[in-house]
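Data first, discussion second: the structure below is written as structure tokens.
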Amino acid sequence: MVGRITIIPQRIGAVSINFKLTETIYFEGDFMKKVDLTTGDIKKILLSLAFPIMGSSFLQMIYGLVDMFWVGKIGSNAVAAVGTASFFINLGYAINSMIVIGAGIKISHVIGAKDIENTKEYIKASCTLNFLMAVSFILPIIIFSKNLVRFFNLENEVEKMAQIYLIIGGIGLIFKFFNFLYTRILNSYGESKLPFKISSVGVILNIILDPIFIFVFDWGVAGAAIATVLAEGINTYLFVKKSKDYFKVESYISKSWSKMKEMMSLGTPIALQRVLFTGFGITIAKIISQWGPDAIAAQKIGLQIESITFMTIAGLQGAISSFIGQNYGAGLENRIKMGYKKAMHLCTGIGVVTTGVFVFFPEYLVRIFVEKPETVEIAINYMRIIGLSQLFMCYEIVTNGAFSGVGKPKVPSIISIIFTSLRIPAALILSKEEYFGLNGVWISISLSSVVKGVLSPLIFKKYLNEGVDKK
């Protein structure tokens, strides 16, 4: 045997039952009571899953803000360098989602079906695939770091700093890739509190190390990168150690190529979507730049505020994906329908509140970040126009999670790619002076969100009404 994965769920009951399989697996007592999403109050389950995922998202935001705060103290060149290098690091995250999403879908299905043998095989295969993906991405990043940075035609000083940050940050991607994967696997088990606690350790460690490495050791941008890599490395160690209550990976070598192919097939649409979105965002930013730095700043501020909605609803998306995944694996069609209905009710509340705040109180939010009258005026218009689509954006995001839960991520990816790409021609037309000017760009973004938020739920409900199958 090449390696072994031992799945040892936490002991709850006093009675233990041992199942002899090809490899050692302990199926102890009534452990599924703790992680089983196929029974119990649906609303409570969704909320208990969602809140820690939301917390983890907010922690990631703090992570980035703290990093940028300390780097900003070095100077604008340092900020430009980190921003440039981060483009390629973020591309790595997008590509890694191919493994993470696919693994989460399949693992939640086999856990729901109580298929212990396939659970351990999918976990081992996902770890093997994740390692291969990390090495395949990291090596070119390190080898061609100079060429990648030069693409942006920066000043020599900025290029050198960006290259240093990219090399160190690129090496650290091995930890980040596995942190994403472990988080998703634990979510599939119905465990979202543990990833939140581990992420908290990483954020606190990064907050402490950043100023020490940047200023006390005088390592500058390299210090910021090292602090982040060390924090992520500690997180990986904690994930490996603490997740043993659910599963234990004793070998990262798997020959289950069919399972790897299956996971990649499921995750590819989401990965492609995220890579393309980077390009769409750059193109929209280019259109906005015609109105000068105030317009660019206004959108950045608006996105920062809107990210609160993204992070809040992302928790519910993760919860419904894991919930539906397990119930799909267990073949509980009615529970899937009820879970989706409850999730849509919850996201309606979130969407209505954010729409109200964005539309009626935008100035209070904008002035937290900026006081310049021209920027404030543009940002207020952005918030009000985008605010009208917040409810529909929530519907789209939650439904995307539901589609992933039933193993059909292609459908929402196709919808999202088509209508997000249409923002570009719509923005070019609506932003003409004879129409809406700069507000036309905001309208194009808002309209696409409305369409996606209507279309995705309609298609998913049609799928549910036709009967959930496991083909």
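The accessible surface of the chain, taken with every protein chain in place and a 1.4 Å probe, is 66 percent carbon and sulfur.
Both the radius of gyration and Dmax for the stretch 294-443 are 17.8, 57 Å, in that order, over alpha-carbon atoms.
Each residue, Leu458 and Phe310, gets one label point 7 Å from its Cα in the Cβ direction; the gap between the two is 2.7 nm. Can you flag which of Lys300/Lys461; Lys106/Lys461; Lys73/Lys372 are past 32 Å Cα-Cα? From Lys300/Lys461; Lys106/Lys461; Lys73/Lys372, over 32 Å: Lys300/Lys461.
If you take all other residues with their beta carbon under 15 Å from the beta carbon of Ser416, and give Lys and Arg +1 and Asp and Glu -1, the sum is +4. Sorting Lys44, Lys124, Lys372 on solvent-accessible area from highest to lowest, probe radius 1.4 Å, gives Lys44, Lys372, Lys124. Among the cysteines of the chain, those whose beta-carbon sits 4.7 Å or more from every other cysteine beta-carbon are Cys127. Kindly state, to the nearest 0.05, the FRET efficiency for Phe277 paired with Ile62, given R0 = 30 Å and r defined as their beta-carbon distance. Between Phe277 and Ile62 the formula returns 0.85.
Rolling a 1.4 Å probe across the protein heavy atoms gives the chain an accessible surface of 45 Å² per residue. Among Lys124/Lys255; Lys124/Lys410; Lys44/Lys241; Lys193/Lys244, which pairs are too far apart, with a Cα-Cα distance over 18 Å? From Lys124/Lys255; Lys124/Lys410; Lys44/Lys241; Lys193/Lys244, over 18 Å: Lys124/Lys410; Lys44/Lys241.
Modelled spin-label separation between Val201 and Trp291, with each label point placed 7 Å from Cα along the Cα-to-Cβ direction: 4.6 nm. What the Cβ-Cβ distance of Lys341 and Phe144 gives, at R0 = 35 Å and to the nearest 0.05, is a FRET efficiency of 0.10.
With a ≥ b ≥ c the root eigenvalues of the C-alpha gyration tensor of the chain, is it rounded (a/c under 1.5), prolate (a/b larger than b/c) or oblate?
Taking the square roots of the gyration eigenvalues as a ≥ b ≥ c, the chain is oblate.
Rounded if a/c is under 1.5, else prolate if a/b is larger than b/c, else oblate: which is the stretch 256-307, with a ≥ b ≥ c the root eigenvalues of its Cα gyration tensor? Judged from the Cα gyration tensor, the stretch 256-307 comes out prolate (a/c at least 1.5, a/b above b/c). Positive contributions from Lys and Arg (+1) and negative ones from Asp and Glu (-1), summed over other residues with Cβ under 12 Å from the Cβ of Arg184, come out at 0. 3J(HN,Hα) along the stretch 444-459: 5, 5, 5, 4, 5, 5, 5, 4, 5, x, 8, 5, 4, x, 4, 5 Hz, from the Karplus curve 6.51 cos²θ - 1.76 cosθ + 1.60 with θ = phi - 60°, whole Hz, x for Gly and Pro.
Within the stretch 382-440, the GluC sites (Glu not before Pro) that combine a DSSP coil assignment with at most 15 other C-beta atoms in a 10 angstrom radius are Glu433, Glu434. For Tyr435, the accessible area of its heavy atoms, probed at 1.4 Å with every protein chain present, is near 130 square angstrom.
Couplings 3J(HN,Hα) of the stretch 175-188, computed from phi: 6, 4, 4, 6, 5, 4, 5, 4, 4, 5, 5, 5, 4, 5 Hz, in residue order, whole Hz [Karplus 6.51 cos²θ - 1.76 cosθ + 1.60, θ = phi - 60°; x for Gly and Pro]. In this view, the solvent-accessible surface of Asp218, computed with a 1.4 Å probe and all protein chains in place, comes to about 120 Å².
The values are calculated or read from the model by the stated rules, or taken from the named source; none is laboratory data. These numbers come from a predicted model, not from an experiment. Heads up, the Cβs are rebuilt from the backbone with ideal geometry, glycines too, and the neighbour counts pull from every protein chain shown. Areas reflect the complete protein model, heavy atoms only, side chains present, ligands, DNA and RNA absent. Shrake-Rupley method; radii C 1.70, N 1.55, O 1.52, S 1.80 Å.
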